[in-house]
Every structure is written in structure tokens, then in C-alpha cells.
Amino acid sequence: MSSYQAPLTDIRFALHDVLGVETLFQHLGKDEVGRDLIDAVLEEGARFNETVLAPLNRVGDEVGCSFDKATGAVTTPPGFREAYRQYVEAGWPSLNAPVEYGGQGLPHAIGMAMKEMIDAANLAWGNFPLLSHGAVEALLHHGNDWQREMFLKPLVDGRWTGTMCLTEPHCGTDLGLLKTRATPQDDGSYRINGTKIFITAGEHDFTDNIVHLVLARLPDAPEGSRGISLFVVPKLEVGEDGSTGAPNGVRCGAIEHKMGIHGSATCVLNLDDARGWLVGEPNRGLMAMFTMMNSARVAVGVQGLGLADRAYQNALAYSRERLQMRSLSGPKCPEKAADPIIVHPDVRRMLLTCKALTEGGRVLACFAGTLVDTISHAPDAVERQRADDLLGFLTPIIKGCLTEWGVECTYNAMQCYGGHGYIAEHGMEQLARDARITTLYEGTTGIQALDLMGRKTIQLKAAGLKAFLAMVEEFCSAYGDDPEMSAFVAPLREKAVEWEQLTRDIAQRAAADPEEIGAASWDYMFYSGYVTLAYWWARSVAAARKSGQTEQFRQSKLETARFYFARILPRTLAHKAAIEAGAAPLMALDADAFG
């Protein structure tokens, strides 16, 4: 059985030493959020995740959710409902929510760290409150006063949870094909009819009511994605005064049987004359839904990060204890029958890969949280726009790369165990199975890559990339004359120049052949992800030197950064070569000739 200990030292390092959040929060008008408060929240979060959620992780996998076909009810695994009660009583659902709706108003950067701990402790459980945050964001920015008053407060305090209802049986990412219909009523509401699939936490026993945000078409809607509207549809009827009544025509028709996250209910929802209310403008539902979707994409990226960290922790402990063979350079533990496997270079390769991707990814995720805070609270409009450009550009990188790295790290960690990793006893195969979904839901890796290349780079004229490259150049200029940083500054600056030129080359080829965007996108996303992490590792080395951390901690950061630059950053060479090969090798073969 795998265990989990929240990596508080490294989380604090990322927030305080690398990102300097206390100074940022003061700049954003949150003077009350000092280091003592931040650390207290993190410590309490660690306690909850280590003692309440983590012990339920295997239970959720083995027992899973059960579905009553007669009633449409879903029962969650033993202990899950009680854990949610404790979560609500401790005030965790309201951590980052606006004060005016009952929230605590704490910065999202803190919430990002808390979410990593939840996902590492128990990913399946964490899916139940996951989309409530996105529902709050969508209603906050696009709902009317009544909708915010009726739905935000119970979502914020955890009495209700939220979902996002997009996909239908006949369409996945291409939402322009959806068929769910919304018919206007005399009282200003709508009757919603249709079927939605893959709805995370669409039904459960945590709360009485669930707030579904549903995409549907009005009777006179134009075809395609321009004819989609967004509706708020509660599981139970909600009166003008906020009281709940009879069931509202939303029924769970089935739950999916899945490769992993067995403790998370993935539902088919049937809407039969369900009463709902239009959110935002007619036929502009995708814009409103993307507020929720982008929040969810970053959140899923953090899921990959959390799983990678838990897998690494357990693989490291096992590698220190497991005895097998002798070191090639001579016995390291001659008093024992064999050396621990951590002495072997290939085991170290796997462990260091996990460590480098996880610790670098943690800083990237926390930085995304600071961007959300900056967008919401920065006093200057230019600063807010720059943060918005950066977050938009980094979102597909966070979702696409952190989840794929999560899969890589969980499989590397399982490999450290050898055959013991493949059996259920140690819990590693569960982490590997659970990680696999993160690359699929909220948009597959390929969809993230297309978003990064097509929209965030080509369509938006690389505004986010330019902002990030400016950060890289500022850092390189600050440390360019520092001999102890030269091993990081020089290659980072070189990659930044190459990244910019590569982007220009793709744009030029795409002007002549649009297929070049799709052909380059997957490799471009990973190229971007590896250079992005190189920047954060260079920043981490510089921050560690100035920090009050132990010498062992500082040395660990330095050597891990060296490993990253020497053994992982060179992956960009292969991605660059693939990009430069162009679309022809991908598109030449006729579809009928594949086999």
C-alpha cells in the first residue's frame, strides 16, 4: 500500500523562496496574508490529506462507486462521504472563493498547493469537489445577480457541488455537434432535454443538491459552436428564495466502469424537461463555459503533479530499502548481502526524472496560481492583461505536460519496484492507472497542443510567449555575469532564442499549409514545456542559494537542476527535429492505405 506525506518543505520553498508570494500578495492588496498564515493553512491541509484522505485511496480503488439502476442513486466508497463532511466543516471549499459569497478570499496560489496535496492523497475523492470551483468561476463572471445569490453561496460553503456537462454520446471535443435542447418558458426559465456523458461527480451521496452547468441549443440557434448556450440546471428544483424542492428531471442513467479512479463517479446524465436558467448571453455559452474549462484544465494538470509526487515518494523509499546486486564501481554497503537499488544508475535516472519533473512542475503550477491572483487583484490594467496572456499561454502546457509527465513518473516509479510494482500490494499500479485519465479528460493532450499552437500562439500572435520570453531574458540578464549560474543561464538563453525562431518558422509554414499547425503542435507543446521548466529550475537554483534552507536542500536543488539541464532538456532536440520535418511525413499516406 502506498503512503503519502505532504512535501511541505518544497511547497514552502516554491511559494516563498522562488515566487516570493508574500511580497506579491502585499502588492495585490492582501497584506493580511503573510507567511505565518500561509504556513498554517498548508500545515492544516497536510494534516487533513495525510490522515483523512490518503488512507481512503486504496479503499476507493478496490470498492469503487455503486449505482442503483432503479433509483439512479450513486453510493461512494466507504469513508468518502464522511471525509467530505470533515472537508466542509474545516472550510476548505471556501478557501479561495470571494468573501461576498461566504468565501475566505485567500489567494489561489495557496489553493493550488492545497489541491496538489488532495490529488496526491486521493485523486478519486478530489474529483467530487473539483468542478465546484469552476462552477463558481463561471457563475461569478457570467451569471446574473439572482443566479449568483442562489447558487454561489451553497457552492462556496460546500452544501452543494457543481459539474460541467459538455460531452454527448455522438460528440466529444467537437461541441458544435451537440444536440441537447433548451426550450424557453413563460417564467424566463428553460426546459432542457438531452443526454450528457462522462460527467464527473454527476451524481453522488455527498450533498443533496448538485449544480449542473449544461451546454444546450435554443430553438433558433445557428448551427455549429456559435449556436451553443449555457444553462444552470440544479438536481433539485430551486425556488426564488433559494429553497430546494422536488427532483428536477436530471437523472443518472449509468456510471462508467473505468481503468482507474474507481472511487470517482463518472456519470451518464439524462435531462428530461429539467428546469434551467440561461447563464450569460444566448448562443455565447462556449465563452462562459471556457471560464470553467480553463480552470479545470489547470486543475487536471495539478492532478498529474500530485500523482507524480506520491509515486516518487514511494519509489524513493523502496529504492533505499530494496537490496539487489552490487554497485558496478564496488560495494556501497559491504555489510549487507547486496546494495540498495538506489546505487544503480538506471534507478537513479528514473528517480531523478520524477524528482526533476515534479519539483519543477510544482513551481510552474504555483506560478499559475499567482497569475490568477494577479488577474483578479492587480491595480494596473497592463499588469492584469500581461498575467492573462501568460496564464492563457501556460494553461495548455500545464494541462498537457504535467499530466503526461504524471504518467511518465508513475510508470517510472512502478518500474523501480520491478515485478512488485505490477501487483496491487504496493499501490503503485493504482497510481499508474489513475494517472492515465488525466491526459484524456478536460481535453486530450492533442487538444491542448492544438490550443497552444493554433490559438494561443498563431491566432493571438504569441502574446503569452512574448511575455514569458521577457521573463526569461530578465532573469538571464540578472544572472548573466554570475559564474555559478552560467551552466543554467547560457543554455536557457539559447533555448529562448531557438523557441522564438521555431515559432516563427511554424507560423510561416502554416501560412502556406494550415496542416503545419496540427503537424507541429504536439512536439511544440513538449518543446515549450521543457524550456518552461528549465526556466523554473534555473530560478530555483538562484532562489535556493539565497534561502534559509539547509545545505543538503540547496545541494539537492543544484544537482537536480544539473540533471534536468543535462538529461531532460535535450529532449527538445528531438521535438525540434520532428517540427522541422513538417506535415508531409504525416499527411502523405492515404487513409485507405493504413492497413
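Only residues that are in contact (Cβ under 8 Å) with a residue 60 or more places away in the chain and in a helix (DSSP H, G or I): list them for the range 26-36, please.
HIS27
Just checking, does the range 102-122 include any residue being β-branched (Val, Ile, Thr), at pLDDT 95 or above, surrounded by fewer than 20 Cβ atoms within 10 Å (Cβ to Cβ) and not assigned by TED's automatic domain parsing to the domain that holds ILE261? The answer is no, given that none of the residues of the range 102-122 is β-branched (Val, Ile, Thr), at pLDDT 95 or above, surrounded by fewer than 20 Cβ atoms within 10 Å (Cβ to Cβ) and not assigned by TED's automatic domain parsing to the domain that holds ILE261. Checking the range 306-323 against the condition returns no match, with no residue being among the charged types (D, E, K, R), assigned to a loop (DSSP other than H, G, I, E, B), modelled with pLDDT under 95 and farther than 28 Å from ALA542 by Cβ. Listed by position, the helices (runs of 4 or more DSSP H) contained in the range 483-580 that have at least 3 residues being touching a His at 6+ places or on another chain (Cβ under 7 Å) are 515-546. Residue count for the range 251-286 satisfying the condition of being within 22 Å of THR395 (Cβ to Cβ), surrounded by fewer than 20 Cβ atoms within 10 Å (Cβ to Cβ) and in contact (Cβ under 8 Å) with a residue 60 or more places away in the chain: 1.
The residues of the range 229-249 that are surrounded by 19 or more Cβ atoms within 10 Å (Cβ to Cβ), at pLDDT 95 or above and not hydroxyl-bearing (Ser, Thr, Tyr), listed by number, are LEU230, PHE231, VAL232, VAL233, PRO234, LYS235, ASN248. Going by the structure shown, is GLU149 touching a helix residue (DSSP H, G or I) at 6+ places or on another chain (Cβ under 7 Å), within 28 Å of GLY239 (Cα to Cα), assigned to a helix (DSSP H, G or I) and not hydrophobic (A, V, I, L, M, F, W, C)? No. Among what's in the range 415-445 and is of a type outside the set (Ser, Thr, Tyr) and touching a His at 6+ places or on another chain (Cβ under 7 Å), pick the residue that is surrounded by the most Cβ atoms within 10 Å (Cβ to Cβ). Across the range 415-445, the extreme among qualifying residues is HIS426.
Out of ILE568, ILE506, one residue alone is within 24 Å of the chain's Cα centre (by Cα), over 24 Å from ASP481 (Cβ atoms) and not charged (D, E, K, R). It is ILE568.
Taking each residue of the range 87-102 that is free of Cβ contacts under 8 Å to residues at least 24 places away in the same chain and looking for partners that are charged (D, E, K, R) and in a helix (DSSP H, G or I) with beta-carbon atoms closer than 8 Å, six or more apart or interchain, yields nothing. Answer yes or no as to whether ASP208 is touching a residue at least 12 places away in the same chain (Cβ under 8 Å) and in a loop (DSSP other than H, G, I, E, B). So ASP208 fits the description; yes. Across the range 467-480, a minimum of one residue is classified as in a helix (DSSP H, G or I), among the hydroxyl-bearing types (Ser, Thr, Tyr) and touching a Ser or Thr at 6+ places or on another chain (Cβ under 9 Å).
Only residues that are within 26 Å of LEU123 (Cα to Cα) and in contact with a Ser or Thr (Cβ under 7 Å, 6 or more places away or on another chain) were counted across the range 20-51, and they come to 0. One residue stands out in the range 171-185 among those that are surrounded by 14 or more Cβ atoms within 10 Å (Cβ to Cβ) and in a loop (DSSP other than H, G, I, E, B): the one that is nearest to the chain's Cα centre (by Cα), namely GLY172. Of all residues in the range 53-82, those being surrounded by 19 or more Cβ atoms within 10 Å (Cβ to Cβ) and in a helix (DSSP H, G or I) number 7.
In the range 367-385, is there at least one residue being outside the structural domain of LYS557 (by TED's automatic domain parsing), of a type in the set (A, V, I, L, M, F, W, C) and closer than 17 Å to ALA413 by Cα? For the range 367-385, residues outside the structural domain of LYS557 (by TED's automatic domain parsing), of a type in the set (A, V, I, L, M, F, W, C) and closer than 17 Å to ALA413 by Cα: absent.
The values are calculated or read from the model by the stated rules, or taken from the named source; none is laboratory data. Only a predicted model underlies this, so the values are computations on that prediction, with no experimental measurement involved. Positions of Cβ are backbone-derived with ideal geometry, glycine not excepted, and every protein chain shown enters the neighbour counts.
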